[in-house]
Amino acid sequence: MTPCLLPRHFTAHQCSLPNHDCQRADTPAFTIIKSSGASQYLTSGLFVRLPKYGIHLIQLEVRPKGNSNRRPVTYASRKRKDESARSSSNPETEDELLKSILLNVSGNGNSARESSEPTTGEELIESILLASGGNLTAKNSDVEVAASDVRSEENLIQDVLESSVDQGALEKLKAVQLHILALEQWNASRLKLCHRDYLAGAANLVHYLALKCLDISEFKKELYSIGLNLETVNSHVLASITLGIHILEHLESKSQSGPQKGNSVGLNAASSSISSLGHLKQGNNHEPTIITMRNKTASHHESLLGKLKDGRTTRIMVTVGEEIIENETLISDIIQAGATIVRINCAHGESSVWSEIIRRVKRSSQMLERPCWILMDLAGPKLRTGFLGTGPSVMKISPKKDARGNVILPAEVWLSHKGSGPPPAHLSPNAVLSIDDYKVLKMVEVGNVLRFRDARGKLRTLKVTKKFPIFAGIGCVAECSRVAYMESGTVLYMKGNKGKLLVGRVVDIPGVEQFVRVRVGDSLIISRDPCVTPESLSKGSISDGPRITCPSSHLFDSVKPGEPIAFDDGKIWGVIQGTSNSEIVVSITHASPKGSKLGSEKSINIPKSDVRFEGLTSKDLKDLDFVASHADMVGISFVRDVCDVAVVKKELEKRKLHNLGIVLKIETQSGFENLPFLLLQAMQSPNPLGIMIARGDLAVECGWEALADVQEEIMSICGAAQIPVIWATQVLESLVKFGQPTRAEITDVACGKRASCIMLNKGKYIAEAVAALDSILTNSSRIKTKLKPLVPSSNIYQ
């Protein structure tokens, strides 16, 4: 057992030794065995440096010869794992403890008098003192002795203070400060270009980068003794280091002013030094304080993402699309559940759809009296698969069957007039059909049977079971007990007294999405030709295999044989086998065992290829005009270097958009590597600024194994620059799509709480997901962990 001994005036929270595991005496980790009163005798102090715990004092009381009560004044022993069952008693006898000390000191447990082994406590103490010889040399390789002395107890306590406040630490910390200030001067020209609102954050970013380039891992441990952790000072680097220097200087002056008594030692001295540094809290005209830096950070977050109520610090953003138009109440449900920002992706849809979405968002926000901001992402120069054509407008209606194929539950079908909106919220039909004539639909009653022939010519029926008045007419619920393929133009009719009675025609069934299915070993053809017919999807001109298109010439100009390529956010991987001016041949190396579907508008990533894009595409410039008049923020996709940011800055200045928020999306390796430069470039404008961690493309570009470290580094850099971060991609995805989250997704949200905003993607259960996320962020979940207090045993002190 490794002993840990401290002077009796040190309580556990006063222990200033680096990386020390000491806790308060009423915790189970350490047990106080004995603590005598003030001593009138001399004490022997053996300063031992143990690899795991740092410097420790073995304090032994030396009494006149013949006094059999010689024992350590104070010592604490660290419990072993197997001692939990006997926590109510001393972990071992005092003699056993002294033997352990002697074992560490002498290396073999014997004193200098090898003829006999010490047995009594008095002999053990004498053996320890003899082993030290006034100039202790440890034989145990795990123990390094720093000093040995015999002096008064008061002086020993002062020695502990001086050993914990290493004068070398002060000089090292001053050297770090000089290095940081030198790098600030080196980047003075960059900092002068930053807007005054971002100047403090830009300077702190430079300080952070200066600190990161130093290897101070061992030095950090020395600073723990004064409570300075350089891992947590990202948002106020220089102010924290300056504070640490003042604390060390104060402690040094205390140690030089002579012995201190009682509670004036240890961290009490550090506490008094902190309280005396009022000028650091008040600040001056040249150096921002920790408090002012934190206030500035909060101001930047609010200017981009809006204010929050109820003490919450993380906003909720939701990506929406055309489903908002189809469901009258969905946007209200999302805002009511806790969303404060709505995101629209300009890569999908058109301006008329975006206008309607924004109109509904603003109307719901006003009705609910809940502010909701709008972010619109420009599509950017992203590589995507081309349009694969429209398939037949057919919808499959399938009842549920058991293992033998018997129908156990008919399929529910919602029938309503075209344009009447979605079914009531309490219904979850398997299919939704629009009928062209609402007048005829009014004649339908519960119990009527509607007949039709499906796309295969099979006679099928729909039995009406419910009828509802809705916003724009009448809606019905009907049951279908056999598999049917419904297509646009299908005629529904009933049998009447005079023959068939027309009910209406089915309209607006969406076309089936076209896709190719690829398997490992397949040769996939990527073509420049945008005119790909369904018949040509299965064959290519260079070799037999499925075919897709890509409208961007950058892909064909950049890739080389042997380079990797990924599709659909990394679900499919391949290697370039050959290239030509019009086609690329890819050998598929990773796909689902049953084959993966690859459809239109799916992402293409070439992480190892040298591809160059223009900052903003012609489509982006056109969409930017719409964003300027409708949104609060604009998202810039696939930012790679400062040139991309400079182009955005120029376009915003041209349109005089000084208040439009800018969100730089980090989704490439080069964007991550250039992040500090991107921030400093963007800080030249007064526009509110933020960063989005787009983890979908970022994982493909940087590698799955590096994603966790990459996102942590982005958080640290943005924290240093005082710039808000949006945590995006696959957050609570299982809950959004299927109504049930995974455990890993819950912990992912817990990590995301450090960001300024968390983004959810669209899905069937998006309103429920927003409510769940809001509950997590506000700590209002129904089940809360309750920890019982640690009550010390009655005989823990003796």
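The values are calculated or read from the model by the stated rules, or taken from the named source; none is laboratory data. Note that the structure is a prediction, hence the values are computed from the model and not measured. Positions of Cβ are backbone-derived with ideal geometry, glycine not excepted, and every protein chain shown enters the neighbour counts. Keep in mind that these areas ignore ligands, DNA and RNA; they rest on the heavy atoms of the full protein, side chains included. Shrake-Rupley method; radii C 1.70, N 1.55, O 1.52, S 1.80 Å.
Among the residues of region 692-718, the ones that are on the phi < 0 side of the Ramachandran plot and out of contact with any strand residue (DSSP E or B) (no Cβ under 8 Å at 6 or more places or on another chain) come to 13 in all.
Considering (1) out of contact with any helix residue (DSSP H, G or I) (no Cβ under 6 Å at 6 or more places or on another chain); (2) farther than 29 Å from L304 by Cβ; (3) at pLDDT below 90, the lone condition that E412 does not fulfil carries the number (3). Taking the conditions exactly as written (of a type in the set (F, W, Y), in contact (Cβ under 8 Å) with a residue 24 or more places away in the chain and within 18 Å of E713 (Cβ to Cβ)), does Y198 satisfy them or not? No; evaluated as a whole, the condition is false for this residue.
Please specify each residue of region 302-314 satisfying the condition of being open to solvent by less than 10 Å² (accessible area, probe 1.4 Å) and not in a loop (DSSP other than H, G, I, E, B). Of everything in region 302-314, those that are open to solvent by less than 10 Å² (accessible area, probe 1.4 Å) and not in a loop (DSSP other than H, G, I, E, B) turn out to be L304, L305. Residues that are more than 22 Å from Y765 (Cβ to Cβ) and among the β-branched types (V, I, T) were ranked within region 719-740; the one that is nearest to the chain's Cα centre (by Cα) is V725.
Can you give me the ranges of the strands (runs of 3 or more DSSP E) entirely in region 565-646 with at least 2 residues that are closer than 22 Å to L555 by Cα?
The qualifying strands (runs of 3 or more DSSP E) are 572-579, 583-590, 596-599.
Residue-wise test of (1) small (G, A, S); (2) out of contact with any helix residue (DSSP H, G or I) (no Cβ under 9 Å at 6 or more places or on another chain); (3) at pLDDT 90 or above.
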| position | (1), (2), (3) |
| --- | --- |
| K463 | no, yes, yes |
| E479 | no, yes, yes |
| M494 | no, yes, no |
| L501 | no, no, no |
| P534 | no, yes, no |
| G545 | yes, yes, no |
| S558 | yes, yes, no |
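With a requirement of 1 or more residues that are within 20 Å of E328 (Cα to Cα) and open to solvent by less than 50 Å² (accessible area, probe 1.4 Å), the strands (runs of 3 or more DSSP E) lying completely within region 408-496 that satisfy it span 411-417, 431-435, 459-470, 473-480. Among the residues of region 661-707, those that are small (G, A, S), assigned to a helix (DSSP H, G or I) and under 20 Å from the mean Cα position of the chain (by Cα) comprise G671, G696, A699, A706.
Conditions (1) free of Cβ contacts under 8 Å to residues at least 12 places away in the same chain; (2) open to solvent by 30 Å² or more (accessible area, probe 1.4 Å), marked per residue:
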| position | (1), (2) |
| --- | --- |
| S553 | no, yes |
| F567 | no, no |
| S596 | no, no |
| G599 | no, no |
| L621 | no, yes |
| H630 | no, yes |
| G635 | no, no |
| V645 | no, no |
| K650 | yes, yes |
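Do we find a residue being part of a helix (DSSP H, G or I), more than 30 Å from L230 (Cβ to Cβ) and open to solvent by 40 Å² or more (accessible area, probe 1.4 Å) anywhere in region 653-660?
Within region 653-660, one or more residues are part of a helix (DSSP H, G or I), more than 30 Å from L230 (Cβ to Cβ) and open to solvent by 40 Å² or more (accessible area, probe 1.4 Å).
If only residues of region 571-594 that are modelled with pLDDT of 90 or more and among the small types (G, A, S) are counted, the one that is nearest to E673 (Cα to Cα) is G574. The criterion of being of a type in the set (A, V, I, L, M) and more than 26 Å from S303 (Cα to Cα) holds for A744.
Scanning region 203-251 for residues that are within 21 Å of R294 (Cα to Cα), of a type in the set (S, T, N, Q) and either open to solvent by less than 10 Å² (accessible area, probe 1.4 Å) or part of a helix (DSSP H, G or I) (or both) turns up N204, N234, S235, S240, T242.
Looking across region 756-775, the residues that are open to solvent by less than 40 Å² (accessible area, probe 1.4 Å) and free of Cβ contacts under 8 Å to residues at least 60 places away in the same chain come down to G763, A769, A772, S775. Is it the case that P686 is at pLDDT 90 or above, under 30 Å from S189 (Cβ atoms), open to solvent by 10 Å² or more (accessible area, probe 1.4 Å) and not small (G, A, S)? When the stated conditions are applied, P686 passes them.
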